[in-house]
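> Pasting in a structure now, in structure tokens, and then I'll have a few things to ask.
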Amino acid sequence: MKIIVSHDVDHLYWKEHILKDLYITKLWLRSASLLLTGVIDAKTFVSRINFWTDGRINRLEELMAFERSMNIPATYFFVMRRGLGVAYKAEQATAFIQKLIKEGFNVGVHGMSYNDPVAMKEEFDMFKKLSGLDKFGVRMHYLRNDPDTAKYLAQTGYTFDSTDYKVAEPYFIENMIEFPIAVMDAYAVRPHHKKIDIAKAYTIERLNLAEKNKLPYFTINFHDLVFNPAYALYKEWFTWTIGLCKERGYSFTDFENAIKELHGNKEVQG
């Protein structure tokens, strides 16, 4: 079984949100609730809301450094349209997109529109312009979709989508391949968790199911912003998961190489 590692980039800098939306206010309230219920301590609380000394929300540099050290060919998805808590403009992601490409990582679109073919095409064209790439994939923000989403994405020109959340084989939708997400940080680690045991058990269960079903690929999704000591449990879960996959002898690949393999084996079913 081959592991595909991917990341959703929802935020870049705190300044995107100051006096523009309620992201910081909601973060304060959620963090305060976790502090009062004993899930996090005061130091962690301050670290999570510390926009006055650290202008970054993203942890792309740290995550890239970790993945380079582990020889992991990850894919990073960036939004091309504001909305649903995302406030950075597409152009603000350009430097990050170009740096990731230069460093040998892969990039794609974190889609905002899931039911409007015109808006989907706008996002596709914007990413093509900013990245200089002709072929790339997509994952919908919050994994939103309806019965026509995948069809629209395929017709837009994406080579792959990775929005479906389940332990299952990849499958073709027209000439686009859907790579289901097998495990994701937000489902493995819950905000109220104080220990990593539940997240580990959840992940092992899904890996074992994939092995039992002899799946060729297992896709992991992790948000870069929680690769941060302020979100220690999430960071620990990701590094532990990567370590476990290596211990089990799984190899690591990316969507692009998996696509090449699957296009030579079109009997893959949905």
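> Would you kindly identify the helices (runs of 4 or more DSSP H) lying entirely within the range 1-95 that contain at least 1 residues that are farther than 30 Å from Cys245 by Cβ?
Working: elements: 23-36, 42-48, 60-70.
Hits in the range 1-95: 23-36, 42-48.
> Taking the stated definitions as given, is Ala42 over 25 Å from Thr159 (Cβ atoms), surrounded by fewer than 19 Cβ atoms within 10 Å (Cβ to Cβ), without any contact (Cβ under 8 Å) to a residue 12 or more places away in the chain and out of contact with any helix residue (DSSP H, G or I) (no Cβ under 6 Å at 6 or more places or on another chain)? Lay out the reasoning, then the answer.
Numbers: over 25 Å from Thr159 (Cβ atoms): yes; surrounded by fewer than 19 Cβ atoms within 10 Å (Cβ to Cβ): yes; without any contact (Cβ under 8 Å) to a residue 12 or more places away in the chain: yes; out of contact with any helix residue (DSSP H, G or I) (no Cβ under 6 Å at 6 or more places or on another chain): yes.
Yes.
> Turning to a different aspect of this structure: Name the residues in the range 249-265 that are touching a strand residue (DSSP E or B) at 6+ places or on another chain (Cβ under 7 Å) and assigned to a loop (DSSP other than H, G, I, E, B), would you? Explain how you work it out, then say what you get.
Initial filter on the range 249-265 (touching a strand residue (DSSP E or B) at 6+ places or on another chain (Cβ under 7 Å)): 250-256, 258-259, 262.
Scanning the range 249-265 gives Tyr250, Asp254.
> Additional query: Being closer than 21 Å to Val39 by Cα, without any contact (Cβ under 8 Å) to a residue 60 or more places away in the chain and surrounded by fewer than 20 Cβ atoms within 10 Å (Cβ to Cβ) is the filter here, so list the residues in the range 185-204 that pass it.
Ala186, Tyr187, Arg190, Lys195, Ile196, Asp197, Ile198, Lys200, Ala201, Tyr202, listed by residue number.
> Would you say Lys212 is at pLDDT 95 or above, surrounded by 14 or more Cβ atoms within 10 Å (Cβ to Cβ) and either farther than 25 Å from Gly137 by Cα or touching a Gly at 6+ places or on another chain (Cβ under 8 Å) (or both)? Talk me through it step by step, then tell me what you get.
Numbers: at pLDDT 95 or above: yes; surrounded by 14 or more Cβ atoms within 10 Å (Cβ to Cβ): no; either farther than 25 Å from Gly137 by Cα or touching a Gly at 6+ places or on another chain (Cβ under 8 Å) (or both): yes.
In short, no.
Every residue, every condition in (1) within 25 Å of Ala232 (Cα to Cα); (2) among the small types (Gly, Ala, Ser), yes or no:
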site: Val5; (1), (2): yes, no
site: Lys26; (1), (2): yes, no
site: Ser33; (1), (2): yes, yes
site: Ser69; (1), (2): yes, yes
site: Lys99; (1), (2): no, no
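> Another question, then. Out of all the residues in the range 213-227, which are under 21 Å from the mean Cα position of the chain (by Cα) and either outside any strand (DSSP E or B) or of a type outside the set (A, V, I, L, M, F, W, C) (or both)? Show your work before the answer.
Step one: filter the range 213-227 for residues under 21 Å from the mean Cα position of the chain (by Cα), giving 215-227.
Within the range 213-227, Leu215, Pro216, Tyr217, Thr219, Asn221, His223, Asp224, Leu225, Val226, Phe227 qualify.
> Just to be sure, is Glu169 surrounded by fewer than 22 Cβ atoms within 10 Å (Cβ to Cβ) and farther than 21 Å from His7 by Cα?
Numbers: surrounded by fewer than 22 Cβ atoms within 10 Å (Cβ to Cβ): yes; farther than 21 Å from His7 by Cα: no.
Against the criterion (surrounded by fewer than 22 Cβ atoms within 10 Å (Cβ to Cβ) and farther than 21 Å from His7 by Cα), Glu169 does not qualify.
> Also, quick follow-up: Among the residues of the range 53-110, what is the count of those that are more than 22 Å from Lys129 (Cα to Cα) and either modelled with pLDDT under 95 or surrounded by fewer than 16 Cβ atoms within 10 Å (Cβ to Cβ) (or both)?
Initial filter on the range 53-110 (more than 22 Å from Lys129 (Cα to Cα)): 53-59, 61-73, 84-85.
With either modelled with pLDDT under 95 or surrounded by fewer than 16 Cβ atoms within 10 Å (Cβ to Cβ) (or both) added as a condition, the list becomes 53-56, 61-62, 65, 68-71, 84-85.
So the answer is 13.
> If we scan the range 205-212, do we find a residue that is under 15 Å from Lys235 (Cα atoms), touching a residue at least 24 places away in the same chain (Cβ under 8 Å) and under 18 Å from the mean Cα position of the chain (by Cα)? Outline the logic, then answer.
Residues of the range 205-212 that are under 15 Å from Lys235 (Cα atoms), as a first pass: none.
The answer is no, given that none of the residues of the range 205-212 is under 15 Å from Lys235 (Cα atoms), touching a residue at least 24 places away in the same chain (Cβ under 8 Å) and under 18 Å from the mean Cα position of the chain (by Cα).
> Any idea how many residues of the range 228-248 are in a helix (DSSP H, G or I), over 18 Å from the mean Cα position of the chain (by Cα) and either under 29 Å from Lys43 (Cβ atoms) or among the basic types (Lys, Arg) (or both)?
5
> Kindly provide the set of residues from the range 168-206 that are touching a strand residue (DSSP E or B) at 6+ places or on another chain (Cβ under 7 Å) and more than 29 Å from Arg30 (Cβ to Cβ), ordered by number. Let's see the steps before the verdict.
Pass one, the range 168-206, residues touching a strand residue (DSSP E or B) at 6+ places or on another chain (Cβ under 7 Å): 170-171, 176-185, 203, 206.
Pro170, Tyr171, Met176, Ile177, Glu178, Phe179, listed by residue number.
> Phe45: closer than 18 Å to Ile220 by Cα and aromatic (Phe, Trp, Tyr), yes or no? Outline the logic, then answer.
On the way: closer than 18 Å to Ile220 by Cα: no; aromatic (Phe, Trp, Tyr): yes.
So Phe45 fails the test.
The values are calculated or read from the model by the stated rules, or taken from the named source; none is laboratory data. Only a predicted model underlies this, so the values are computations on that prediction, with no experimental measurement involved. Here the Cβ is made from the backbone with ideal geometry for all residues, glycine too, and neighbour counts use every protein chain on show.
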